[in-house]
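Each remark here refers to the structure printed beneath this line.
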Amino acid sequence: MVNYSHWFIRARLKTRQLLLLVALDEEGNIHRAAEVLAMTQPAASKLLKDLEDVLGVPLFERLPRGMRPTAYGEAMIRHARTALSSLNQAHDEVQELKAGRFGQVSVGAITTPGIMLLPQAVARVKQAHPALRVSLHIETSDVLMERMAQGRIDIGVARLFAQHDKTAIRFEALAEEPVVAMVRPGHPLLGVDKLSLRDLNGWGWIVPPEGSVLRHRFDLMFREEGLEAPANLIETAAVLFMTKMIAQGDMIGLVAGDVGQYYASHALVAVLPVDLPCHMDAFGLITRADRPLSPAARVMLAAIKSAAAESYGVALEAGA
């Protein structure tokens, strides 16, 4: 049942006020924000003042050359983006239904489940519902969590870290990931007997960017063996770039085990026969706990869970 005593109903919160908050955050200037929204500056100023009066707090600092959100403003901007995204999704869903289609779903995944789990799940969904529109995004966990908070993806398959806000999400662990070193076929290290970490120390590496968890563990595994971490590095999260660089030289690429095995199965790389004493944290299925999934998203979620049960041997709850 709708609670008609909510403050935003009593205050008659306007969609244009939400749009103005986002435009001010992006433009940093009320004149430019008003232009973006095709309104006059006095009208934009009044919309903002009315909202600040209702809330009883300043949402922006007025600076000599622009505006900057306060802590109150940052909170409202974050929720404004989510609300506007949800309204856009509602419109799109209604249009899909009007056109006789089942709807649409947006899924985000990190690389490993993106190439090992999602193709199987998406194929099942498309076989049962050919008209269901699926949008898939392969990104880092941080990017995916930000997009989920903004309401831009419905389902995520990613990792949770300490900095992520876990108050409004549901996480179901799927699998841990070992890490492997991959090289070009014919690489000199493939002919070394009883390969060890010390044998890999003098070679160039392609590794995740500075600041990532795996990059930290990469450096740490050498130090724990009493070795200097390699200095000849290329930093990237782009696996396609990594495979191309490996193919044309003797560098070593650090990747999740399933990713390395996938490319090795297509003879694009070879996985070195060495155990690396570092690993990736478990990734899992992530959905919002504070909002219901659309019918299309529920269909996709069920397909992902079914594929995960086969791929990883995990038993997940059937419901959303």
Taking 8 Å as the Cα distance limit and 6 or more residues as the minimum spacing, I'd like the relative contact order of the range 7-86 as a percentage. 33
Quick one: what are the phi-derived ³J(HN,Hα) couplings along the range 241-247, Karplus 6.51/-1.76/1.60 with θ = phi - 60°, whole Hz, x for glycine and proline? 4, 4, 5, 5, 5, 5, 5
Cβ-placed point charges (K, R +1; D, E -1), dipole of the chain about Cα centre in debye, nearest 20: 1380
Could you name the aspartates and glutamates whose alpha carbon sits less than 15 Å from that of K194, not counting residues in the same chain fewer than 8 places away? D275
Can you give me the distance in nm between label points at R170 and A231, each placed 7 Å from the Cα along the Cα-to-Cβ direction? 5.2
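Whats the longest run of the chain with zero GluC sites (Glu not before Pro) that are DSSP loop and have at most 11 other Cβ atoms within 10 Å? Walk me through the numbers on the way to the answer.
Numbers: sites that count: E210, E228, E317.
The longest uninterrupted stretch comes out as 1-209.
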Label point distance in nm, E146-S86, each placed 7 Å from Cα along Cα→Cβ: 2.2
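Helix-only estimate, please: 222 nm mean residue ellipticity of the chain, summing -39500 (n - 2.57) across DSSP H runs of length 4 or more and dividing by its residues, to the nearest 500.
Using -39500 (n - 2.57) per qualifying helix, the result is -14000 deg cm²/dmol.
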So for the range 95-225, averaging the separation of alpha carbon pairs under 8 Å that are six or more residues apart and normalising by length, what relative contact order in percent results? 21
Using the Cα centre of the range 208-253 as the reference point, and only Cβ charges (+1 on K/R, -1 on D/E), how large is the resulting charge dipole? Debye, rounded to the nearest 20. 200
Label the range 179-271 by shape, choosing from rounded, prolate and oblate, from the square roots a ≥ b ≥ c of the eigenvalues of the Cα gyration tensor; if a/c is under 1.5 it is rounded, and otherwise prolate applies when a/b is larger than b/c, oblate when it is not. oblate
How big is the antiparallel share of DSSP beta bridges in the range 179-271, given as a percent to the nearest 5? 55
Just one of (i) 21.9; (ii) 18.8; (iii) 15.6 is mean projected area of the Cα convex hull in nm² calculated from these coordinates, so which is it? (i)
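Below 10 angstrom from the Cβ of V213, what's the summed charge of the other residues (Lys, Arg +1; Asp, Glu -1)? Write down the numbers at each step before the final one.
On the way: positive: R159, R215, R217; negative: D281.
Around V213, the surrounding residues sum to +2.
When DSSP beta bridges are limited to those with both residues in the chain, what percentage is antiparallel, rounded to the nearest 5? The partial results should precede the final answer.
Values: 22 of 36 bridges.
In the chain, DSSP labels about 60 percent of beta bridges as antiparallel.
For the chain, the longest stretch holding no trypsin sites (Lys or Arg not before Pro) located in a DSSP loop with at most 13 other Cβ atoms within 10 Å is which? Show your work: numbers first, answer last.
Values: sites that count: R12, K14, R65, K166, K194.
In the chain, the maximal stretch lacking such sites is 195-320.
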Protein-only accessible surface order, largest first, of Y263, Y312, Y72 at 1.4 Å: Y72, Y312, Y263
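The values are calculated or read from the model by the stated rules, or taken from the named source; none is laboratory data. Fair warning: this is a prediction, and the values are worked out from it, not measured in the lab. Backbone-built Cβ (ideal geometry, glycine too); neighbour counts: all protein chains shown. Keep in mind that these areas ignore ligands, DNA and RNA; they rest on the heavy atoms of the full protein, side chains included. Shrake-Rupley method; radii C 1.70, N 1.55, O 1.52, S 1.80 Å.
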